1. Would you check which residues across segment 318-333 are among the basic types (Lys, Arg) and under 15 Å from THR392 (Cβ atoms) and list them?
2. If you check GLU328 against the conditions, is it surrounded by fewer than 21 Cβ atoms within 10 Å (Cβ to Cβ) and more than 17 Å from THR280 (Cβ to Cβ)?
3. Counting just the residues of segment 256-287 that are assigned to a strand (DSSP E or B), in contact (Cβ under 8 Å) with a residue 40 or more places away in the chain and touching a Leu at 6+ places or on another chain (Cβ under 8 Å), which one comes out surrounded by the fewest Cβ atoms within 10 Å (Cβ to Cβ)?
4. Kindly establish whether THR291 is closer than 17 Å to GLN424 by Cα, under 25 Å from the mean Cα position of the chain (by Cα), at pLDDT 90 or above and assigned to a strand (DSSP E or B).
5. Here are some residues: ILE137, ILE79, ILE162. Which one is hydrophobic (A, V, I, L, M, F, W, C), modelled with pLDDT of 90 or more and more than 21 Å from the chain's Cα centre (by Cα)?
6. Exactly one condition in (1) under 30 Å from LEU69 (Cα atoms); (2) in contact with a Gly (Cβ under 7 Å, 6 or more places away or on another chain); (3) free of Cβ contacts under 8 Å to residues at least 40 places away in the same chain is not met by ILE153; state its number.
7. Restricting attention to segment 333-347, which residues are surrounded by fewer than 20 Cβ atoms within 10 Å (Cβ to Cβ) and touching a helix residue (DSSP H, G or I) at 6+ places or on another chain (Cβ under 7 Å)?
Amino acid sequence: MSTTEKRPVIEVSGLKKQYKLGQIGGGTLTHDLQSWWARVRGKEDPNTVIGTDQRLFGQTFMALNGVDLTVYQGEALGIIGRNGAGKSTLLKLLSRITAPTEGEIRIRGRVASMLEVGTGFNNEMTGRENIYMNGAILGMTRAEIDAKLPQIIEFSECGDFIDTPVKRYSSGMFVKLAFAVAAHLDSEIMVMDEVLAVGDMKFQQKCLGKMSDVANQDGRTVLYVSHNMSTIRQLCTRCVVLDKGKVIFDGDVEKAVAVYMDTTDVNVVHYELADVARMTGSAGKRLRLETLDFVGKESSVFADTEKMRVKITWRVSEPFSGIHMKMELRARDSTSVGITHPVDLGPAEPGRLYTTVFEFDPSLLGEGQYFFYLDIFDVAMNHAVCLDKPVTEFAFEVTNSDLTMQEWETYWGHTYFPPVRLVQE
């Protein structure tokens, strides 16, 4: 059935979302009046934090800048783009979490959104209680939820823990139950943002199959944001590329992936990570990466004989006896290349900024563009617990290599990389 015969379920016209940079208010009426009077007289704001750049105050940032989009019933629409392109902002607007600055959004049907692990869950309630709460939010009766409950519990693989408070769930259990709830409750539109970044490979494939069934068989609409191009290819029938708050492509999935890859910037050598999104809801809470730099480079382009030296800064909010780190490497189109063996960063105490420098040898890689994710984790009771994993693609390029890259596995890839080497500065 062509799009002209399908019923539009989402219509977006001239959508803009503007944010103000800097501090919005002083916290009290007295402080706000002091700041206003200082600005009127052209004086320095007495309530400004020392070291704050005054030029940021009053400036604005356009997260979305004139988006027009129509989504039809039964479509599986992928939304891709670099960090800061406006993907998550668009989903928040469609989920009515925040309001647009300008433009119109028309939605026909109920929306079940999952913008991070455990969205809409109450940590003190059990898994079963959260299922009923989510159903009630969507306007379902208790009888309707009762009918769906066995399917949700079976799909989530959390049956043994369904009457346990979800605050005791691992991040993987969280995403399994949250996805099962979103997929099985009666909503016409499913909105997903990087939700498959957590969980084992088998469950990810199970989720992708369920999302495909929901769109193809049930006639429901799926909007899916991901940095993983293989899942975009597997699930989506159409794809939108966002860049700097605007739609730069809307159409065929393969063409969209090619457009997205062209936006990859290998000239970035410094990343600010404190305020970027994380892969899981718990990541970045106990340990947080603040910056990443390619050391001694004006671009992240490396000869195959050249060592890649990377510096990260990070803080912890509680003591750790040992912290581990690994790199997850992917090719330009997000297919998996390999993973480095974990390296121990050592103990850490709160109250100081830590700096770690490590080297990676790109000689095992063929010529081309790549990126990596950093995964910082703790090992407790023989179980790896993610401490921090920014949703940031650290792009780099390898040149002068005589190697020819083979076809990679769909998950971790064929190459087993040695540990990165920690450097003492």
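The values are calculated or read from the model by the stated rules, or taken from the named source; none is laboratory data. These numbers come from a predicted model, not from an experiment. Ideal geometry is used to build each Cβ from the backbone, glycine not excepted, and the neighbour counts take in all protein chains shown.
1. The answer is ARG330, and nothing else.
2. It is false that GLU328 is surrounded by fewer than 21 Cβ atoms within 10 Å (Cβ to Cβ) and more than 17 Å from THR280 (Cβ to Cβ).
3. Once the filter is applied, the top-ranked residue is TYR271.
4. No; evaluated as a whole, the condition is false for this residue.
5. On inspection, the qualifying residue turns out to be ILE162.
6. (1)
7. ASP333, THR335
Okay, residues lined up against (1) among the basic types (Lys, Arg); (2) surrounded by fewer than 21 Cβ atoms within 10 Å (Cβ to Cβ):
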| residue | (1), (2) |
| --- | --- |
| GLU129 | no, yes |
| ARG142 | yes, yes |
| LYS148 | yes, yes |
| ASP160 | no, yes |
| LEU177 | no, no |
| GLU188 | no, yes |
| VAL191 | no, no |
